[in-house]
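Asks: Pasting a structure here, questions to come.
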Amino acid sequence: MDRFAKYLLTGLICIVALGQFVQVITRYVLQVPVMGLEETMAYPTLWLYILGSVNASRENTHIRANVLEIFLKTARAHTILAIIGELVSLIVGLWLLTWAWDFTRYSIRTWRESPTLYIPTFYADVALVIGLALMMVFTLYHLVRHVRDLAGEKLA
Amino acid sequence: MIEVALLAIAVLVILLTLGVPLPYCFGGALMVMYFVGDVTMKGNMLWGFQQLGNPVLLAIPLFVLAGTIMSESGIAASLLRFVSAFIGHIRGGLGVVAAVSCAVIGAISGSGLTGIAAIGPILIPEMEKRGYPREYATALIANSSILGLLIPPSVTMIVYGWVTDTSILACFLATLGPGLLIMVAFSLINLWMARKFPLVLDDKPTMAELAGEATRRGVHALPALLMPIIILGGIYGGIMTPTEAAAVSVIYAVPVGFMIYKGLRWDNFLGAGKEAATAVGAIMMMILFSMILSQMFVLENVPQQIVGAIFAITENKILLLIMINIMLFLVGMVVNDVTAIILIAPLLLPLMNAIGVSPVQFAAIMGVNTAMGGVTPPYASILYLGARIGKVKVTKVIPPAMTLILLGYVPVVFLTSFWPELSLFLPSYFGY
Amino acid sequence: ETLKISHVRPQDATVDVELRAFAEAVKTATGGDVELELFPANALGDYTTVQERISVGAVDMAVQPAATAADRRMQISSFPYLAANWEQARNIYGPGGAVRETMAGLFAEQDITMLAAYPVYFGGISLNREAVTPGSTEPNGIKVRVPGIKSFQLTGEALGYIPSPIPFAEAFTAVQTGVVDGVIGSGAEGYYASFRDVTKTYIPANTHFEVWYMIISNESLSGLPDEDQAALKAEAEKFEATRWTVAESDQGANEQKLADLGATIVSLSPEELAAMSAKVRETVWPQVLEDVGADWGQAILDQIAK
Ligand code: NA
Ligand code: NA
């Protein structure tokens with residue numbers, strides 16, 4: 001899984017870097033117009049953002065402020081706080097997911113296209129609903145993990 | 001509606017405090033606006049997602065990746081050795097090396113983390129060996145690391161320019177003056193602090209030895225020193241846009257890291273790519289929902305109402321600037337730099353216009369305050385990373401960090417607010 | 001009822017001033033029932049986003065160009081060199097005009113009602129340097145920023161420039177630092193609004209006729225009582241009629257504003273303009289027609305040619 005994430009994310013980020021680089025070379029060195037490169041790059045870029053965020057959910061490395069954690073001393077209190085955090089994430093995330101689904105249906109219905117190459121924007125738009133759904137799966141996984149920790153503590 | 005907006009912000013802060021990941025904190029605020037304030041969510045995902053597609057934002061992952069590659073590959077280390085050839089041997093010089101190296105690295109990296117990540121592992125043990133207390137060395141490098149956000153290019157200034165529709169190049173230049181001032185301040189504070197440390201010094205080299213060493217290290221550092229020239233020269237010399245410059249810096253750093261400095265290998269290159277993508281993914285998901293929230297605020301005229309409410313307290317420019325700095329300091333204590341800018345800049349920009357602070361100067365005010373937020377506890381991501389790298393307890397790093405903040409940052413923060421030329425001189429020199 | 005209306009120019013720009021007057025008129029005509037709240041300077045998103053938000057009923061109204069993402073046929077609105085002068089423009093884009101009627105139909109398919117057309121200007125080329133043979137269509141080696149719209153990219157190339165699709169957010173800086181030497185796709189008014197500090201030369205090449213539309217979400221419109229709907233439509237009609245009487249002199253005034261800032265306004269002869277038009281019609285039209293549907297597009301062009 002980690003290997004797969006490494007190849008996928010590094011591949012995506014390199015594609016977008018190369019795309020921008022080609023833009024400079026064609027304009028500054030070769031002085032020829034390239035049409036459609038910029039709009040094409042939007043697709044791997046948006047997937048990069050969304051899958052990066054999914055990976056942050058998988059690794060549980062999303063940015064958190066964790067102010068309260070500093071004042072809590074016991075491991076048990078930390079676990080309870082983590083459970084509350086994951087529960088809130090799940091509730092809010094599922095609500096956001098319904099709106100992402102609403103957006104996806106809109107995207108299918110209108111079937112919009114990029115301005116010069118007419119690539120359907122759906123192929124970028126759908127990243128959002130897929131990404132949020134995966135994020136919810138990983139959030140649920142972390143929630144279950146924390147609850148098990150808490151139960152294990154009680155037994156021990 | 002301002003009551004609902006304040007409730008949404010209150011919920012946001014509560015969720016932050018509970019340690020909920022940032023995207024869902026903003027999601028929670030959206031739920032308040034939707035369920036309590038009856039503001040529509042229709043079409044908002046579409047709007048937010050299209051904001052993410054803005055090519056300007058693409059510079060962020062690329063500058064972050066370039067920074068990670070620098071620290072993995074040995075590019076940053078060669079810069080460090082070059083800087084220390086000049087000042088490493090004088091009393092307290094190693095601390096100055098830390099501040100100056102972070103500034104040089106900052107001219108390539110757009111993030112505040114690169115400095116501590118790249119030179120912390122090398123310089124902290126070295127400084128300790130030479131007699132600096134380990135926690136002091138850690139605090140100094142972590143604080144200097146923030147220069148990555150003040151010396152252009154800068155992720156926070158890209159975001160500020162994007163949300164406020166201000167020239168990103170002008171914003172880059174606006175924080176350069178304050179950034180250099182902070183570098184000088186840290187160097188001086190360090191020289192003063194170093195009097196008390198039992199420092200072990202090398203024999204003072206002769207002029208010839210110094211010249212030889214500097215040349216040798218300079219040649220070694222040449223490919224690394226070319227990077228800021230390519231990036232900033234490329235941008236200000238009219239060859240490429242900031243986003244393209246970020247891509248070029250990655251394309252340049254990869255072969256240099258693999259073949260010249262040889263610190264980059266297939267496995268840590270893949271790791272760097274994943275790290276950059278993950279860090280940026282987390283930021284982008286947060287930006288998506290925070291943009292929707294601030295769009296709801298715009299639709300409901302919240303910024304104007306906030307300006308009205310603040311003006312009801314006072315219209316005195318000096319008092320207002322002091323209040324805003326205190327508020328930004330408090331915000332910086334609990335949220336990270338990009339979040340603070342996205343949340344605050346659009347809300348306060350109308351107020352700044354009303355009291356005659358230009359958007360470019362406000363960029364510098366936001367820039368120094370949010371950068372400082374990276375080292376002010378309780379939420380001090382850069383300081384915590386430093387403590388992890390320096391292998392010291394967070395509680396031990398905080399006191400020396402506080403000294404540096406109070407004597408180094410805070411005066412510059414106030415100078416930035418009350419001396420417009422500090423931030424406006426360079427932008428106006430370049431015609432912005 | 002308060003309707004949120006978006007437009008693409010900063011506060012106090014011509015369209016902003018005209019819309020404030022329109023808002024007053026609507027308020028009076030509806031006896032205070034309908035108020036308009038202005039959101040200038042793309043505060044609700046760029047015109048592509050706003051059109052989609054209007055389509056789903058999340059934003060009420062806008063005055064802006066037509067976005068082609070949801071329907072590529074909308075490119076007919078910015079077809080290059082379709083009109084050669086203001087009289088022709090009025091026949092094509094004004095009340096009863098072929099393009100205007102077509103656009104009203106296309107908007108309707110997106111649940112949007114077109115209330116008025118808003119003629120803005122004939123497009124031109126802004127350069128941050130002196131022009132090279134501005135009347136010729138031979139390659140001149142000058143790099144210009146084009147918006148990400150196919151017909152503009154092709155037109156730029158046909159007129160001898162090297163088009164470079166740089167995002168609007170980076171366009172001003174790109175011209176200022178010299179990443180590109182100029183901009184194509186807007187007109188005197190647009191260049192004055194966004195590029196006045198980097199416009200050293202303005203070439204009024206009449207590349208296309210820029211027309212915006214006052215549009216309203218069907219949901220917002222049907223939410224109004226019948227008499228308010230009628231009043232709104234009547235005021236929009238007056239708004240457009242007034243605009244047609246001032247648009248041409250407004251274009252001249254904007255060229256003068258650029259000149260006052262020190263820009264050179266190139267003057268092109270009718271023959272040079274005709275040659276440019278011929279080149280674009282020959283090389284660009286077939287490609288754009290292919291994109292919008294050759295038969296569908298040709299039918300509209302035939303209607304105009306009559
Ligand atoms: Na930097
Ligand atoms: Na902080």
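Asks: Ignoring everything except DSSP H segments at least 4 long, calculate the 222 nm mean residue ellipticity for chain C; use -39,500 (n - 2.57) per segment, divide by total residues, nearest 500.
Replies: Helix contribution divided over all residues of chain C: -15000 deg cm²/dmol.
Asks: Under 5 Å between amide H atoms, partner at least 5 residues away or on a different chain: which partners does residue C:39 have, H built in plane at 1.01 Å?
Replies: C:5, C:6, C:7
Asks: Any idea how far the Cα center of region B:55-117 sits from the one of region A:107-129, in Å?
Replies: Using only Cα atoms to place each centre, the spacing works out to 40 Å.
Asks: On to the next question. On a C-alpha basis, how far is the centre of region C:103-169 from the centre of region C:183-208 in Å? Whole number, if you could?
Replies: If we compute the Cα centre of each part, the gap is 10 Å.
Asks: Cα axis of helix B:93-106 to longest principal axis of chain B: angle in degrees, 0 to 90, nearest 10?
Replies: 50 degrees
Asks: Shifting gears a bit: Which residues in region C:98-132 have a backbone N closer than 17 Å to a point placed 7 Å from the Cα of residue C:241 along the Cα-to-Cβ line?
Replies: What the label zone holds, given the 17 Å backbone N cut-off, is C:115-119.
Asks: Moving on to the next point. If amide hydrogens are placed 1.01 Å from N in the peptide plane, which non-local residues have theirs closer than 5 Å to the one on residue C:143?
Replies: Those qualifying (amide H under 5 Å, at least 5 residues apart or on another chain) are C:162, C:181.
Asks: Say we join alpha carbon atoms closer than 10 Å with springs in a Gaussian network model of chain B; which of B:266, B:162, B:47 then has the biggest fluctuation?
Replies: Ranking B:266, B:162, B:47 by mean-square fluctuation puts B:266 first.
Asks: Among B:196/B:396; C:27/C:238; C:200/C:279; C:4/C:27, which pairs are too far apart, with a Cα-Cα distance over 22 Å?
Replies: C:200/C:279
Asks: Tally up the carbon and sulfur contribution to the accessible surface of region B:2-429 as a whole percent, 1.4 Å probe, everything protein left in place.
Replies: 70 percent
Asks: Report, as an integer, the average count of C-beta atoms from other chains found within 10 Å of each Cβ along B:335-344.
Replies: 1
Asks: Additional query: Could you tell me how many degrees, from 0 to 90 and to the nearest 10, lie between the Cα long axis of helix B:22-35 and the main elongation axis, the longest principal axis, of the Cα atoms of chain B?
Replies: Approximately 10 degrees, to the nearest ten.
Asks: Straight-line reach from residue A:6: which aspartates and glutamates fall under 20 Å, measuring Cα to Cα and dropping same-chain residues less than 8 apart?
Replies: In chain and number order, the partners are A:59, B:72, B:267, B:275.
Asks: So, for the protein assembly as shown, what is the accessible surface per residue at a probe of 1.4 Å, expressed in square angstrom?
Replies: 37 Å²
Asks: How compact is region B:2-429 by the rule of thumb for globular proteins, expressed as Cα Rg over 2.2 N^0.38 Å?
Replies: Normalised by 2.2 N^0.38 Å, the Cα Rg of region B:2-429 equals 0.98.
Asks: For region B:396-408, what does the Karplus curve 6.51 cos²θ - 1.76 cosθ + 1.60, with θ = phi - 60°, yield as ³J(HN,Hα) per residue in whole Hz, taken in order and with x for Gly and Pro?
Replies: So the J values, rounded to whole Hz, are 6, 7, 4, x, x, 4, 4, 4, 5, 5, 5, 8, x.
Asks: Taking Cα atoms, how many degrees apart are the long axis of helix C:270-283 and the longest axis of chain C, rounded to 10 and kept between 0 and 90?
Replies: Its long axis makes an angle of about 80 degrees.
Asks: Sticking with this structure for a sec: By per-residue mean of other Cβ atoms within 10 Å, what is the highest-first order of A:101-114, B:228-241, C:119-132?
Replies: Top to bottom by mean Cβ count within 10 Å: C:119-132, B:228-241, A:101-114.
Asks: With the crude spin-label approximation of a point 7 Å out along Cα→Cβ, what separation in nm comes out for residue B:402 versus residue C:41?
Replies: 4.1 nm
Asks: Considering only protein heavy atoms and a probe of 1.4 Å, how much of the accessible area of region A:2-152 is carbon and sulfur, as a whole percent?
Replies: Summing carbon and sulfur atoms, their accessible area is 73 percent of the total for region A:2-152.
Asks: Right, another one. Buried accessible area for the A:B pair, summed, 1.4 Å probe, in Å² rounded to 100?
Replies: 5300 Å²
Asks: While we're on this one: Sticking with the crude label model, points 7 Å out along Cα→Cβ, report the distance from residue C:197 to residue A:3 in nm, one decimal please.
Replies: 5.4 nm
Asks: Would you mind checking the radius of gyration and Dmax of the protein assembly as shown based on alpha-carbon positions, in Å?
Replies: Spelled out, the Cα radius of gyration and Dmax of the protein assembly as shown are 28.5, 94 Å.
Asks: Can you bin region B:1-115 into rounded, prolate or oblate? Criterion: square roots of the alpha carbon gyration tensor eigenvalues sorted a ≥ b ≥ c, rounded for a/c under 1.5, prolate for a/b above b/c, oblate for the rest.
Replies: Prolate, because a/c is 1.5 or more and a/b exceeds b/c.
Asks: Tell me which of B:310, B:412, B:240 sits at the most positive position along the dipole axis of region B:2-429, charges placed on C-beta atoms (Lys, Arg +1; Asp, Glu -1).
Replies: B:412
Asks: Shifting gears a bit: Taking beta carbons within 10 Å but only from partner chains, what does the mean come to for residues A:27-35?
Replies: 6
Asks: Quote the Stokes-Einstein diffusion coefficient, in whole µm² s⁻¹, for chain C, based on the Kirkwood radius over alpha carbon pairs, a temperature of 37 °C and a viscosity of 0.692 mPa s.
Replies: Roughly 166 µm²/s, to the nearest whole number.
Asks: Once the Cβ-Cβ distance between residue A:130 and residue B:267 is put in as r, and R0 is 35 Å, what FRET efficiency do you end up with, to the nearest 0.05?
Replies: Here the calculated transfer efficiency is 0.80.
Asks: Now for a separate question. Taking θ = phi - 60°, what integer Hz values does the Karplus form 6.51 cos²θ - 1.76 cosθ + 1.60 yield along region A:120-134, in sequence order, with x for Gly and Pro?
Replies: x, 6, 3, 5, 8, 4, 5, 4, 5, 5, 5, x, 5, 4, 5
Asks: When we measure straight from the Cα of residue C:257, which aspartates and glutamates land under 17 angstrom away, once same-chain ones fewer than 8 places off are left out?
Replies: C:12, C:189, C:197, C:248
Asks: Then there's this: Picking from C:70, C:104, C:188, which is most flexible by a Gaussian network model of chain C using Cα springs under 10 Å?
Replies: C:70
Asks: Among B:55, B:152, B:303, which one moves the most in a GNM of chain B with springs linking Cα atoms closer than 10 Å?
Replies: Of the options given, B:55 has the highest mean-square fluctuation.
Asks: Using a simple spin-label model with points 7 Å from Cα along the Cα→Cβ vector, what separation in nm is obtained for residue B:184 and residue C:219?
Replies: 5.7 nm
Asks: Using C-alpha positions alone, give me the convex hull volume of region C:74-185 per residue in cubic angstrom.
Replies: 115 Å³
Asks: Then there's this: Going by the alpha-carbon gyration tensor, a ≥ b ≥ c the square roots of its eigenvalues, is region A:2-152 rounded (a/c under 1.5) or, if a/c is not under 1.5, prolate (a/b greater than b/c) versus oblate?
Replies: Prolate.
Asks: To the nearest 0.05, how large is the calculated FRET efficiency for residue C:265 and residue B:1 if R₀ is 60 Å and r is the Cβ-Cβ distance?
Replies: 0.80
Asks: Follow-up question, since we're still on this one. For region B:160-251, just say rounded, prolate or oblate: build the C-alpha gyration tensor, square-root its eigenvalues into a ≥ b ≥ c, call rounded for a/c under 1.5, and beyond that prolate if a/b exceeds b/c, oblate if not.
Replies: oblate
Asks: Which ³J(HN,Hα) values in Hz, rounded to whole numbers, follow from the phi angles of region A:97-114 under the Karplus curve 6.51 cos²θ - 1.76 cosθ + 1.60, where θ = phi - 60° and Gly and Pro get x?
Replies: Along region A:97-114, the couplings run 4, 5, 6, 5, 5, 4, 5, 5, 4, 4, 5, 5, 4, 8, 6, 6, 10, 5 Hz.
Asks: Rounded to the nearest percent, how much of the accessible area of chain C (1.4 Å probe, protein heavy atoms only) is carbon and sulfur?
Replies: Reported share for carbon and sulfur atoms: 49 percent.
Asks: Report which residues of region B:21-61 become buried by 50 Å² or more of accessible surface when going from the isolated chain to the complete set of protein chains (1.4 Å probe; DNA, RNA and ligands ignored).
Replies: SASA drop of 50 Å² or more in region B:21-61: B:21, B:24, B:31, B:41, B:42, B:45, B:46, B:47, B:49, B:50, B:55, B:58.
The values are calculated or read from the model by the stated rules, or taken from the named source; none is laboratory data. Owing to the predicted nature of the structure, the values given are computational and were not obtained by experimental measurement. Virtual Cβ from ideal backbone geometry, glycine too; neighbours counted across all protein chains shown. Keep in mind that these areas ignore ligands, DNA and RNA; they rest on the heavy atoms of the full protein, side chains included. Shrake-Rupley method; radii C 1.70, N 1.55, O 1.52, S 1.80 Å.
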